[in-house]
Amino acid sequence: MSAFLELKNVSYSYDPQAKEPRWAVKDVSLSIEEGEFIALIGHTGSGKSTLIQFFDGLLAPTEGQVLFQGQDTREKGFSMKTLRQNVGLVFQYPEHQLFEMTLLKDVCYGPKNLKLPKEEQEARAKEALQLVGFTENDFDRSPFDLSGGRKRRAAIAGVLAMKPRMLILDEPAAGLDPKGRTDLLEMLTKLNRENHTTILMVTHSMEDAARYAGRVLAMNKGKLVADGPTREVFTHFDELQESGLSVPEPAIALRAMKERGIPVRTDALTTEEARDEILRVFQK
Amino acid sequence: MGMFSDPSRNMSFIEFRNVSYDYTEYGTDDTEISAVRALTDVTLDVKEGDFVAVLGHNGSGKSTMIKHINAILFPTEGTVLLTGRDTKEADPVWEIRRDAGMIFQNPDNQIIGTSVEEDVAFGPENMGVPTEELEKRVEETLERVGLTAYRLRSPNQLSGGQKQRVAIAGLLAMRPKCILMDEATAMLDPEGRKEVLEIVHELNKTEGITVLLVTHNMEEAAGADRVIVMDKGRVVMTGTPKEIFSRTDELVGYGLTLPDATLLANELREAGLPIPAGILTEEELAEELSKIYRAQKDGASIEKKESRGQEDDIL
Ligand SMILES: Nc1ncnc2c1ncn2[C@@H]1O[C@H](COP(=O)(O)OP(=O)(O)OP(=O)(O)O)[C@@H](O)[C@H]1O
Ligand SMILES: [Mg+2]
C-alpha cells in the first residue's frame with residue numbers, strides 16, 4: 001500500500017533561475033503513514049517552513065515529487081483541492097486570524113467556504129470545537145475574550161472543521177504559558193489517539209518533541225539530517241548539536257551524570273524515564 | 001566620591017508604587033465603552049544591576065508591567081520611577097526610553113535598516129549622536145554582540161538569534177542602563193536562545209546593565225538573580241529562583257511549573273534519594289547525585305572489606 005504522503009527527492013529554491021541557486025530544501029525523501037505523530041525540528045532557516053508547505057500544496061517543489069496516497073500531485077488529473085482538504089495547515093500564531101463575533105461563527109468560516117449546507121457547517125464547527133476542548137456553553141462566546149491558549153485552540157478548531165486527516169502545525173505552543181502549553185499538546189495527543197488525525201508539529205522544544213512525538217525529523221541547511229523513532233534520534237547528541245539543536249533536558253541531566261562516572265543510560269525522553277533510570281542505578 | 005555620597009546608590013533603580021493600569025476600550029464612535037484592569041496595585045523595587053525574570057500566565061500583565069518602565073504606558077493609578085524620575089513627568093520622554101530599551105518577541109518586526117550596521121546606527125542617530133561618535137558606537141556594540149563580521153549584511157539573511165543580537169546592539173548603541181526583554185527568546189531555536197541569553201547575562205555581569213526578562217521558560221528564569229511572578233494583574237511572588245522554585249504548589253496554582261532539573265530532583269527526593277532542596281540546573285543535580293553515588297560506592301566497598309574480614313576470621 002502506498003504511504004499517506006510521500007516526498008521523493010524533493011528540492012526547492014526561491015531563486016531557481018540563478019546561476020547557482022540557493023536551496024531552501026535539498027533532496028529530501030520521506031514518507032508519512034496515517035496515524036503518526038511527528039515532530040519536525042531544525043534551527044531557524046533550516047528549511048522547516050518551506051518543507052511543510054509541500055504537504056498541503058502551498059508550494060510545489062522545484063525538483064522531485066510529492067505523492068498523496070501514491071498519486072503524483074503534479075499529474076494532470078490530480079486536484080490540489082483534495083490535498084488541501086486532507087491536510088490542514090496551522091500557521092504560527094493562528095489566533096491572529098480569528099475575527100468573527102462568536103466562536104461558532106468563526107469556526108464555521110471554513111465549512112462555509114466549502115459551500116456546505118448550513119446544518120452541516122454548524123455540525124462540523126461544533127464537533128471541531130468539542131474536539132479541542134470547548135463545550136456548548138462556549139459556542140456563543142467572543143473568541144477575543146478567551147485566554148491565549150484557548151484562543152489558539154479555537155483557531156485550530158477552524159482548521160479541524162475542514163475534517164483534514166492530517167494536521168500540520170508550525171510551533172503550536174509558541175508563546176503559551178506552561179499550563180496552556182501542556183493543555184494544547186495533550187489536546188493534540190488526544191486528537192491523534194482518538195480521532196486518528198495524523199500530526200506533524202514543528203517545534204523548537206526538544207522536550208515537547210521527546211514527550212509527544214513518536215518520530216522525529218531534523219533539518220539542517222535544507223537537508224533532512226535525521227529521521228527515525230524519537231528515542232533513536234535523540235541519542236545522536238553530537239550531530240544534533242552540530243545542527244544547532246539539542247537533546248531534551250532530562251537527557252542532559254543523565255549525560256552530566258555519565259560524565260561524572262555514574263553508569264546511567266542517557267536516552268531518557270521524559271522526567272519520569274530519567275527518574276526511573278537514576279533509581280535503577282542507585283538501587284543496585 | 002567626594003563629601004556627598006551618590007544619592008542614586010541608595011535609590012531604587014526601578015520602583016512601582018501601588019500601580020494600577022486600565023486599558024480603555026473604545027466603541028466604533030470613539031466613545032469609551034469599558035476599561036480592562038490589567039494591573040492592580042503593583043509595588044515593586046528593582047536594584048541597579050539586577051537580573052530579574054518575570055513569570056506569569058498569559059494575560060497576567062507581564063507585558064503591561066514592563067511597558068511602564070520605558071514609558072510606553074503610564075499608570076492609571078500610582079507611580080513608576082526610573083532612577084528616581086517619575087515616568088509621567090519625564091521630559092523629554094525619550095530620555096527614559098534611552099535608559100530602558102525593549103526587545104520584543106518577533107525578531108522580524110524589529111529590524112529597520114537595510115544593513116546590520118545601519119540598523120544599529122538608527123537609534124543613536126535619531127538621538128543626534130555626532131557621526132564620529134556614532135561610528136565608534138556601532139563598531140563597539142557590534143563587537144560586543146559578536147556580529148562584526150556581519151556589519152554589511154542585510155538583516156534578512158540572519159538567523160533569528162542573530163537578528164535579536166542586532167536588536168540588542170541597537171539598544172546598546174544608545175547606552176542604556178536597563179534592557180527589557182519581552183519573551184525575546186520565544187521564537188528562537190535552542191542555539192539562538194542560548195546565544196541571546198549569554199549576551200544579556202554577560203552585559204549584566206560586566207557592565208551592570210539591569211535586565212528584566214519576561215519568559216514562559218522556567219530554565220531561563222532559574223538563571224536570574226530574582227524572579228517575579230504575576231497572576232491576574234498582581235505581583236504574587238518575588239524571591240530568588242531557589243525560593244520561588246521551592247514553592248511548587250503555589251506555582252502550579254498560578255499555572256506555572258518548575259525547571260526540568262528541579263522537577264527531576266524533587267521526584268528523586270520523593271523516591272528516597274538524599275538530594276538537597278534548591279536544585280535549579282542539570283549540572284547541580286548531577287553534582288549532588290555523584291556525591292551520593294561515591295558515598296554509596298565507598299560504603300559498599302567498606303561493607304565488602306568488612307565481610308571479607310569476617311570470612312578471613314572463619315577461615
Ligand atoms: N491593547 C490592549 N487593549 C485592551 N486590553 C489589553 C491590551 N493589551 C493587553 N490587554 C489585557 O490586559 C491584560 C494583561 O495583558 P498582558 O498582555 O500585559 O499580559 P501578559 O502577561 O504579557 O500575557 P502573555 O503571556 O500572553 O504575553 C489581559 O487581560 C489582556 O487581555
Ligand atoms: Mg506579554
Could we say that A:R215 is within 14 Å of chain B (Cβ to nearest Cβ) and surrounded by fewer than 22 Cβ atoms within 10 Å (Cβ to Cβ) here? no
Scanning region B:76-111 for residues that are within 14 Å of another protein chain (Cβ to nearest Cβ) and in a helix (DSSP H, G or I), which turns out nearest to B:D189 (Cα to Cα)? B:P107
Condition first: more than 9 Å from every other protein chain (Cβ to nearest Cβ) and either of a type outside the set (G, A, S) or surrounded by fewer than 23 Cβ atoms within 10 Å (Cβ to Cβ) (or both). Now tell me which residues in region A:266-275 satisfy that. A:T266, A:D267, A:L269, A:T270, A:E273
Take B:I33 and tell me if it is more than 14 Å from ligand 2 (Cβ to nearest atom) and within 14 Å of chain A (Cβ to nearest Cβ). yes
Mind checking which residues of region B:234-253 are part of a loop (DSSP other than H, G, I, E, B) and crowded, with 22+ Cβ neighbours inside 10 Å? B:F245
With the checklist (1) open to solvent by less than 70 Å² (accessible area, probe 1.4 Å); (2) at pLDDT 90 or above; (3) within 23 Å of the chain's Cα centre (by Cα) in hand, flag the one item A:Q69 doesn't pass. (1)
With the structure loaded, tell me whether A:S147 is of a type in the set (S, T, Y) and touching a His at 6+ places or on another chain (Cβ under 8 Å) or whether it fails that test. yes
May I ask you to verify whether B:E283 is open to solvent by 80 Å² or more (accessible area, probe 1.4 Å), over 26 Å from B:L39 (Cβ atoms) and at pLDDT 95 or above? yes
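Just to check your reading of the model, which residue among A:G45, A:G88 is in contact (Cβ under 8 Å) with a residue 12 or more places away in the chain and under 22 Å from A:A209 (Cβ atoms)?
Numbers: A:G45 fails: in contact (Cβ under 8 Å) with a residue 12 or more places away in the chain.
Checking each option against the conditions leaves just A:G88.
Going through region B:82-106 one residue at a time, which ones are within 16 Å of ligand 2 (Cβ to nearest atom) and not aromatic (F, W, Y)?
We begin by selecting, within region B:82-106, every residue within 16 Å of ligand 2 (Cβ to nearest atom); these are B:102-106.
Residues satisfying the conditions are B:M102, B:I103, B:Q105, B:N106.
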What tally of residues in region B:12-45 results from selecting those that are assigned to a loop (DSSP other than H, G, I, E, B), open to solvent by 70 Å² or more (accessible area, probe 1.4 Å) and within 16 Å of ligand 1 (Cβ to nearest atom)? 2
When you look at A:I199, is it among the β-branched types (V, I, T) and open to solvent by less than 10 Å² (accessible area, probe 1.4 Å), yes or no? yes
Against the condition without any contact (Cβ under 8 Å) to a residue 60 or more places away in the chain and within 16 Å of A:I252 (Cα to Cα), how does B:E282 come out, does it pass? yes
Among the residues of region B:46-75, what is the count of those that are in a loop (DSSP other than H, G, I, E, B) and within 12 Å of ligand 1 (Cβ to nearest atom)? 7
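Does at least one position in region B:136-143 carry a residue that is open to solvent by less than 20 Å² (accessible area, probe 1.4 Å) and either of a type in the set (D, E, K, R) or more than 28 Å from B:E48 (Cα to Cα) (or both)?
Narrowing region B:136-143 to residues open to solvent by less than 20 Å² (accessible area, probe 1.4 Å): B:138, B:141-142.
Next, from what is left, pick out any that are either of a type in the set (D, E, K, R) or more than 28 Å from B:E48 (Cα to Cα) (or both): none.
No, every residue in region B:136-143 fails to be open to solvent by less than 20 Å² (accessible area, probe 1.4 Å) and either of a type in the set (D, E, K, R) or more than 28 Å from B:E48 (Cα to Cα) (or both).
Residues that are out of contact with any strand residue (DSSP E or B) (no Cβ under 7 Å at 6 or more places or on another chain), of a type outside the set (A, V, I, L, M) and away from ligand 1 (no atom under 16 Å from the Cβ): list the helices (runs of 4 or more DSSP H) wholly contained in region A:56-161 that include at least 3 such residues. Can you show your working first?
On the way: elements: A:80-86, A:103-113, A:118-131, A:148-160.
Once the helices (runs of 4 or more DSSP H) in region A:56-161 are filtered for at least 3 residues that are out of contact with any strand residue (DSSP E or B) (no Cβ under 7 Å at 6 or more places or on another chain), of a type outside the set (A, V, I, L, M) and away from ligand 1 (no atom under 16 Å from the Cβ), what remains is A:80-86, A:103-113, A:118-131.
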Residue count for region A:232-265, restricted to those that are over 21 Å from the mean Cα position of the chain (by Cα), open to solvent by 40 Å² or more (accessible area, probe 1.4 Å) and more than 10 Å from every other protein chain (Cβ to nearest Cβ): 6
When you scan region B:124-132, do you find a residue that is modelled with pLDDT of 90 or more, under 27 Å from the mean Cα position of the chain (by Cα) and crowded, with 18+ Cβ neighbours inside 10 Å, even just one? no
Which residue pairs have Cβ atoms closer than 8 Å, lie 6 or more positions apart in sequence or on different chains, and pair a first residue in region B:180-204 that is at pLDDT 90 or above with a second residue that is part of a helix (DSSP H, G or I) and within 16 Å of ligand 1 (Cβ to nearest atom)? B:L180/B:I66; B:L180/B:I69; B:D182/B:K62; B:D182/B:S63; B:D182/B:I66; B:L197/B:E220
So is A:T182 at pLDDT 95 or above and either surrounded by fewer than 22 Cβ atoms within 10 Å (Cβ to Cβ) or more than 14 Å from chain B (Cβ to nearest Cβ) (or both) or not? no
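Quick one: in region B:101-119, of everything that is open to solvent by 50 Å² or more (accessible area, probe 1.4 Å) and of a type in the set (A, V, I, L, M, F, W, C), which residue is farthest from B:E195 (Cα to Cα)? Don't jump to the end; show me each part of the working.
Taking region B:101-119 as the starting set, the residues that turn out to be open to solvent by 50 Å² or more (accessible area, probe 1.4 Å) are B:104, B:108-109, B:112, B:114, B:117-118.
Next cut, of a type in the set (A, V, I, L, M, F, W, C) only: B:104, B:112.
On the way: B:F104: 16, B:I112: 22 Å.
Taking the candidates together, the pick is B:I112.
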Of the conditions (1) in a strand (DSSP E or B); (2) in contact with a Leu (Cβ under 8 Å, 6 or more places away or on another chain); (3) small (G, A, S), A:S11 satisfies every one except a single condition; which number is it? (2)
Of residues in region A:176-220 being assigned to a helix (DSSP H, G or I) and within 16 Å of ligand 2 (Cβ to nearest atom), the one farthest from B:G255 (Cα to Cα): A:R181
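The values are calculated or read from the model by the stated rules, or taken from the named source; none is laboratory data. All values reported here derive from a predicted model rather than from experimental measurement. Neighbour counts are summed over all protein chains in view; Cβ atoms, including those assigned to glycine, are modelled from backbone coordinates with ideal geometry. The accessibility values were calculated without ligands, DNA or RNA, using every heavy atom of the protein model including side chains. Shrake-Rupley method; radii C 1.70, N 1.55, O 1.52, S 1.80 Å.
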